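Take a look at the structure set out below.
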Amino acid sequence: MPSVGTPVIRRIVGVSRSSIPHDRLLADLGLPVEPEVPWTGQSVDADAYYDLLERVAVPDDPELPFRYGASISADSLGALGLAMKTAPTVGDSLRRLMRYVLVLSDTLDYELLDESDGSTFALVGRPHHRPGAALANECALAAVVSMIRQATGSSFVPRQVGFRHEPPADAAPHREYFGCSVRFGAHVDGLLLDAEQLARPTLLADEGLSTYLLAQLDDLKAKAADRSLTVVVRGVVADTLADGQPSKSAVARRLGMSERTLHRRLADDGVNFQTLVTHARRDAAESLLQASAHSLADVAFLTGFSDQTAFSRAFKRWTGLTPAEFRRRGGPGT
């Protein structure tokens, strides 16, 4: 399932004003008190992150996301933070975040959307229906604005900020932090920026250092992909096979993202959705045939086939054996 790196958790706990001791908050998540190397190591389930935010910020601390955002620096984001800071322009910096955000968290996904009055740097693929998720989205965009301000050395102000969730009782902290109008009930969580803002140069643009950092990030992203969306999607597919072959739109809804976002993220990992589904069905079928006493009809049902005949045809196409032959041999060997 989607997860969040423990450095995010530690920073949230660090800026929390909850009466609950910080070491207890960490212990409740199974984390030691001692800090770890920034942006590496463990992660926690995304729902546990949302639970934490609800525990420490709802309803008494609406300013927590903005303390979190202000606490984020290039150094605290490791290679990604420095790559953003040394990009030529704000737009380049944001595109680097879009490309490499997986090294921070696999719950985050950004897109740059064309609008009639500019471009929206949008946070997509994450839910907003529960308070903790809404707060997490506020934290993310507050951190993005903080990074832009540091990169440009200015009090950078978006043209507008939008959030999908309903407005809080008092939105003054939001307006004060972002410095612009904040719209709730928007169609997307994002920052509206104009062309001039995207073209604004950064203070530390450095082509040589950027080349080095981007090579590091390519390696980190490749390692992170091993535990990223492909693994999560295969798990969702396997969980839902008994309801029939899952569609891409159904899997996307379950993951809280659009079908378009799911397609793009899988494509970034070089994965085809239908191929992924086929592999998940085959793996499930082989496991059930080897390790259970289920009838062939039951195995067909549990792997998403409407009947045993269709299952048998597909299984022989995959393995060269009928399900009965496979079971009799105890596996794929001759």
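Just so it is clear, none of the values below were taken in a lab; they were calculated from the coordinates. Since the structure is predicted, the reported quantities are computational estimates derived from the model, not experimental observations. Every residue, glycine as well, gets a Cβ built from its backbone with ideal geometry; the counts of neighbours run over all protein chains shown.
What the table below lists for this structure:
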| item | result |
| --- | --- |
| Region 122-173 - convex hull of the alpha-carbon atoms, volume per residue in Å³ | 92 Å³ |
| Pair ALA310, GLU54: separation of 7 Å Cα→Cβ label points (nm) | 3.8 nm |
| Kirkwood Rh, angstrom, region 180-227 [1 / mean 1/r, Cα pairs] | 14.6 Å |
| Value of relative contact order over the chain, rounded to a whole percent, pairs C-alpha under 8 Å and six or more apart | 16 percent |
| Charge dipole (region 251-334, unit charges on Cβ, about Cα centre) - positive-most of SER258, SER306, ALA324 | SER258 |
| Extension reserve of the ARG254-GLU166 stretch, reckoned as 0.36 nm per residue once the Cα distance is removed | 29.5 nm |
| Mean projected area in nm² (Cα convex hull; one quarter of hull surface) for the chain | 19.9 nm² |
| Extension gain (nm, one decimal) between SER18 and ASP194, 0.36 nm per residue minus Cα-Cα | 59.6 nm |
| Eligible lysines near LYS316 by straight Cα distance, threshold 28 Å, same-chain separation 8 or greater | LYS248 |
| Pair-distance profile P(r), taking every C-alpha pair of region 47-179, with 5 angstrom steps and integer % | 2, 10, 20, 24, 22, 15, 7, 1, 0 |
| Estimated FRET transfer efficiency when R0 is 30 angstrom, pair SER116-THR230 (beta carbons, to 0.05) | 0.25 |
| Amide proton proximity set for ASP189, modelled H, under 5 Å, gap of 5+ | LEU123, ARG164 |
| Label-point gap, in nm, between ASP239 and GLU207 - each point 7 angstrom along Cα→Cβ | 4.8 nm |
